[in-house]
Amino acid sequence: MIFTNDKAIYIQIADRLCDEILSGVYKDDDHIPSVRDTNTAVKAYEQLAREEIIYNKRGLGYFVTKGAKKQILKARKQEFMKERLPELFRQMQLLDITIEDVEEAYKSLQNVKE
């Protein structure tokens, strides 16, 4: 895993695990990799447990909470709409990019994936 300087490492670890839950690597009640005995990894797992994304079975490790994917999606959509979208719209306005331009770019990206 490559870390960046824009967020604390434990948050990046937590985000990566959430990404893996969203992508289907881990599903409800799946066992997730054990935390290494580093304060950073433990802190990430404790944060996710507080957010009820994962839960701990004593002696067995951590597991994905039922409905975690839905919860992560909801939180990330809210963050995107509140934090990222306003800046995106500001940049679109400065660069004279229309919604139609974005739709066209989105469609061309979808065609590349298929």
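The values are calculated or read from the model by the stated rules, or taken from the named source; none is laboratory data. As the structure is a prediction and not an experimental result, all values here were calculated from the model. Cβ placement follows ideal geometry from the backbone for every residue including glycine, while neighbour counts extend to all protein chains displayed. Accessible surface areas use protein heavy atoms only, side chains included; no ligands, DNA or RNA. Shrake-Rupley method; radii C 1.70, N 1.55, O 1.52, S 1.80 Å.
Details
- Excluding same-chain neighbours fewer than eight residues apart, the lysines reachable from residue 77 by a Cα-Cα span under 16 Å are 69.
- Mean separation of Cα contacts under 8 Å, 6 or more apart, over the residue count of the chain: relative contact order %: 22 percent
- For the chain, the share of accessible area belonging to carbon and sulfur comes to 54 percent (1.4 Å probe, ligands and nucleic acids excluded).
- Highest-fluctuation residue, 99, 54, 21 considered, GNM on the chain with Cα pairs under 10 Å: 99
- A DSSP coil position with no more than 10 other Cβ atoms inside 10 Å describes the following trypsin sites (Lys or Arg not before Pro) in the range 11-114: 36, 58.
- Distances between placed amide hydrogens fall under 5 Å for residue 26 paired with 21, all partners being 5 or more residues away or on another chain.
- Cα centre as origin, Lys/Arg/Asp/Glu Cβ charges: the chain dipole, Debye: 600 debye
- For chymotrypsin sites (Phe, Trp or Tyr not before Pro), the sites in the range 1-108 that DSSP calls loop and that have at most 13 other Cβ atoms within 10 Å are 3.
- Helix-only mean residue ellipticity at 222 nm for the chain, each DSSP H run of n ≥ 4 adding -39500 (n - 2.57), per residue, nearest 500: -17500 deg cm²/dmol
- Tail weight of P(r) past 23 Å, computed on alpha-carbon pairs of the chain, percent: 45 percent
- When only alpha carbons of the range 13-68 are considered, Rg and Dmax amount to 10.2, 28 Å.
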